[in-house]
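Values quoted throughout were computed directly from the atomic coordinates according to the rules given, and no laboratory measurement underlies them. Because the structure is predicted, anything quoted here is derived from the model rather than measured. When we count neighbours, we look across all protein chains shown, and the Cβ atoms used for this are built from the backbone with ideal geometry, even at glycine.
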Amino acid sequence: MLALLSGGAVAGELDDMAGSARSLIAGFSAQLQSELQGAIATGGLEKAIEVCKLRAPAIAAAASQDGWSVGRTSLKIRNPANRPDDFERRVLMDFEEKITEGRTIDSLGYYQMNAVGDHAEFRYMKAIETKPLCLGCHGAAIAPEIARRLDELYPGDQARGYEAGQLRGAFTLTRRFTQPAE
């Protein structure tokens, strides 16, 4: 796999890894949405906040297998643990530019293989669109009791003021290869 770095990337192998990343995202996203919808149905938005605070990291950890690390990030973070690194920030800014050029959010994904010290990393990001379900906690008109709860759990929260259809952030996946880069 690391021969990809020295001899030029073999597109098929990178595409296969991107497919694996998309599959992990689909599972992570489906489970998170299901739990959020269930929480809203049984306990309202305050229960959904608990899902995001407690369950989302656990779901991401469970999806992080076979060398993959799965997470979410945004230019406007709620959870400081999800702060984008330089690579993620550049990709998110590129996604925003592509949206202004007319690309649809669901079409936006990016991947690359990088040499990092004595190993290689495959990085993949997939844009997340703000859906109507998200607006109760991420929209411009958040109910006062929800805003208070968010303030308690997430001091410094920046992830508000969105409208449906806007770029909310991205799923971000990394697969690290520990063999020495050639």
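Annotations
- Residue among W68, T130, G102 farthest towards the positive dipole end of the chain, charges placed on Cβ: T130
- What separates the Cα centres of the stretch 58-82 and the stretch 112-133 is a distance of 11 Å.
- If you run the Gaussian network model on the chain, springs between alpha carbon atoms under 10 Å, then out of E88, E50, E152 the most flexible one is E152.
- Helix content alone sets the calculated 222 nm mean residue ellipticity of the chain: runs of n ≥ 4 DSSP H residues at -39500 (n - 2.57) each, divided across all residues, give -14500 deg cm²/dmol.
- Working note: Debye formula, equal point scatterers on the alpha-carbon atoms of the stretch 134-182, no solvent; log10 I(q)/I(0) at q = 0.16, 0.18, 0.19, 0.27 Å⁻¹ is -0.56, -0.64, -0.68, -1.05.
- Taking θ as phi - 60° and the Karplus parameters 6.51, -1.76 and 1.60, the scalar couplings of the stretch 141-152 work out to 10, 8, 4, x, 5, 6, 4, 4, 5, 4, 4, 5 Hz in sequence order, x denoting glycine and proline.
- Near R72, the amide H atoms lying under 5 Å from its own belong to T172; only residues 5 or more places off or on other chains count, and H is placed 1.01 Å from N.
- Built amide H within the under 5 Å cut-off of I128, gap 5+: R168, G169, A170, F171
- Potential lengthening between A140 and T100 on full extension [0.36 nm per residue; Cα-Cα distance subtracted]: 12.3 nm
- For the stretch 132-137, 3J(HN,Hα) per residue [Karplus equation, 6.51 cos²θ - 1.76 cosθ + 1.60, θ = phi - 60°, Hz, x = Gly/Pro]: x, 4, 6, 5, x, 10
- Cβ-based charge dipole, the chain, positive-most Cα from S20, Y162, L45: L45
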